[in-house]
Amino acid sequence: MIVTIDGPAGAGKSSAARALAKRLQFAFLDTGAMYRAVALAALRRGLDWNDAAALADLAQQLNIEVRQYHTYLDGQDVSDDIRSHEVTSVTHYAANNPAVREHLVALQRQAAHQLDIVTEGRDQGTVVFPHAECKIFLVASAEERARRRVRDLEARGEKLSLEEVLADQNRRDARDAERDVGPLVAADDATIVDSDGMSHDEVVDYLEELVRARRTGNK
Ligand code: DC
């Protein structure tokens with residue numbers, strides 16, 4: 001069974017998807033980590049961000065493995081490095097590159113092959129797994145999402161103001177929604193869940209209910 005969770009940055013997809021996968025004893029795939037890993041590799045090599053072909057070539061050569069809760073880039077655990085503000089702010093170069101997307105979409109399908117899996121991203125229910133049995137589109141207000149991001153960055157020792165994070169997030173939202181390939185959009189058959197005012201556990205409880213109902217064919 002494939003469960004897709006898409007939605008904008010900071011809606012709580014990642015923590016909800018992880019917890020849901022644990023409860024269901026499903027595998028978990030964080031597809032944003034793949035785009036982040038490509039961006040990190042390009043940063044480390046000092047690649048020219050305007051050279052889309054070079055970025056696509058690089059993506060093909062990398063060995064990116066997203067294993068449950070860890071991300072490996074050419075064998076090195078980069079789970080922490082890919083979450084920095086610097087990587088976050090350049091990942092759109094990878095996400096907006098059609099050839100990079102094509103390559104990563106193929107890797108994502110391969111990773112999910114014959115597994116019960118919860119997969120999280122922007123285009124999982126629309127492009128990558130259009131036949132997924134259960135599709136969720138998780139949203140929250142821009143302010144709530146920015147507050148969560150500030151807290152996450154603080155926990156990493158990076159201090160940014162709410163205004164900075166909100167402005168950055170608005171730019172990312174616009175880029176995610178406007179790109180030609182794999183834009184952020186809810187699949188027609190996705191259930192839209194607004195997590196504003198809900199605790200983490202309430203969100204996970206609700207998602208679990210949705211999945212179990214799908215499994216038994218009630219919805
Ligand atoms: O979910 P995240 O913040 O880790 O995503 C990082 C970036 O990758 C973000 O700019 C959106 C993009 N992304 C994407 O385009 N498609 C996906 N399936 C997952 C993430």
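The values are calculated or read from the model by the stated rules, or taken from the named source; none is laboratory data. Because the structure is a prediction, the values reported are computed rather than measured. Cβ atoms come from the backbone with ideal geometry, glycine included; neighbour counts cover every protein chain shown.
Could you pull out the residue among S199, S161 that is more than 18 Å from A19 (Cβ to Cβ), among the polar types (S, T, N, Q) and out of contact with any Leu (no Cβ under 8 Å at 6 or more places or on another chain)?
S161
Yes/no matrix, rows are residues, columns are (1) of a type in the set (S, T, N, Q); (2) at pLDDT below 95; (3) away from the ligand (no atom under 15 Å from the Cβ); (4) touching a helix residue (DSSP H, G or I) at 6+ places or on another chain (Cβ under 6 Å):
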position: I82; (1), (2), (3), (4): no, no, no, yes
position: T88; (1), (2), (3), (4): yes, yes, no, no
position: N97; (1), (2), (3), (4): yes, no, no, yes
position: Q108; (1), (2), (3), (4): yes, no, no, yes
position: H113; (1), (2), (3), (4): no, yes, yes, no
position: E120; (1), (2), (3), (4): no, no, no, yes
position: P130; (1), (2), (3), (4): no, no, no, no
position: F137; (1), (2), (3), (4): no, no, no, no
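Residue under question is A213, and the condition is that it be surrounded by 17 or more Cβ atoms within 10 Å (Cβ to Cβ) and closer than 21 Å to A132 by Cβ; does it hold?
The answer is no for A213.
Limited to region 1-39, what total is found for residues that are of a type in the set (S, T, N, Q), more than 10 Å from the ligand (Cβ to nearest atom) and outside any loop (DSSP other than H, G, I, E, B)?
Of the residues in region 1-39, 1 are of a type in the set (S, T, N, Q), more than 10 Å from the ligand (Cβ to nearest atom) and outside any loop (DSSP other than H, G, I, E, B).
Working only within region 115-148, note down all residues that are part of a helix (DSSP H, G or I), among the basic types (K, R) and crowded, with 22+ Cβ neighbours inside 10 Å.
The answer is R145, and nothing else.
Just need a number here: residues in region 47-69 that are within 15 Å of the ligand (Cβ to nearest atom) and modelled with pLDDT under 95.
The number of residues fulfilling the criteria is 2.
Quickly run through region 175-184 and pick out the residues that are more than 10 Å from the ligand (Cβ to nearest atom) and surrounded by 12 or more Cβ atoms within 10 Å (Cβ to Cβ).
A177
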